[in-house]
Amino acid sequence: MTAPSGTVQVTIVPAEACHFCEDAEQALAELAGTFTFHLEHVPAESAQGRRLIAVHRPALTPLVLVDGEYFSAGRLPRKKLVQLLTQLGARRQAVSVDGA
C-alpha cells in the first residue's frame, strides 16, 4: 500500500514478542498526534516483510522505513525521526482558535 501523494510513508516491520517493536509502535502512535504520515505495518513473517528484511538486512527488529528508505532497526530513535518528519514537512499545522 502506498501513501497518498505528498504524504510521508512510514513502514514498520515488527516481529512477534519484540519489546523494541512494541515501543516503536507506541512512539509512532504518539507522533501521529503531531505529524501527518501514512503508517504501514508489515509483519516480519509475511511475504512482504521477509522481502523487506532480505533487502535491508536489519540486525534487529523492528525495521523502520521512511518513504521506502531505511531509517532504523531496533530501538526507534525518536529525536532523529522527529527531525526527519519535520524536514519532510509532515508536522501538523497549528489551528488558531480565534480564526486568525
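Please tell me if V42 is of a type in the set (V, I, T), at pLDDT 95 or above and within 14 Å of Q9 (Cβ to Cβ). Spell out how you get there, then give the answer.
Numbers: of a type in the set (V, I, T): yes; at pLDDT 95 or above: yes; within 14 Å of Q9 (Cβ to Cβ): yes.
Yes.
Restrict the check to segment 22-40 and report whether at least one residue is at positive phi, within 11 Å of the chain's Cα centre (by Cα) and touching a residue at least 24 places away in the same chain (Cβ under 8 Å). Let's see the steps before the verdict.
Applying the first criterion (at positive phi) to segment 22-40 yields none.
Within segment 22-40, not a single residue is at positive phi, within 11 Å of the chain's Cα centre (by Cα) and touching a residue at least 24 places away in the same chain (Cβ under 8 Å).
Collect the residues in segment 47-88 that are without any contact (Cβ under 8 Å) to a residue 24 or more places away in the chain, loosely packed, with under 14 Cβ neighbours inside 10 Å and in a loop (DSSP other than H, G, I, E, B), keeping them in residue-number order.
R57, A59
Which ones in segment 1-26 are closer than 16 Å to A73 by Cβ, of a type in the set (A, V, I, L, M) and surrounded by fewer than 18 Cβ atoms within 10 Å (Cβ to Cβ)?
If the condition is that a residue be closer than 16 Å to A73 by Cβ, of a type in the set (A, V, I, L, M) and surrounded by fewer than 18 Cβ atoms within 10 Å (Cβ to Cβ), then A15 is the only one that fits.
Among the numbered criteria (1) under 13 Å from Q9 (Cα atoms); (2) at pLDDT below 95; (3) not charged (D, E, K, R), which single criterion is violated by Q87?
Exception for Q87: condition (1).
Is it the case that E40 is in a strand (DSSP E or B) and not small (G, A, S)?
Values: in a strand (DSSP E or B): yes; not small (G, A, S): yes.
So E40 passes the test.
The values are calculated or read from the model by the stated rules, or taken from the named source; none is laboratory data. This one's a predicted model, so the numbers in the text were calculated from it and none came from an experiment. Neighbour counts are summed over all protein chains in view; Cβ atoms, including those assigned to glycine, are modelled from backbone coordinates with ideal geometry.
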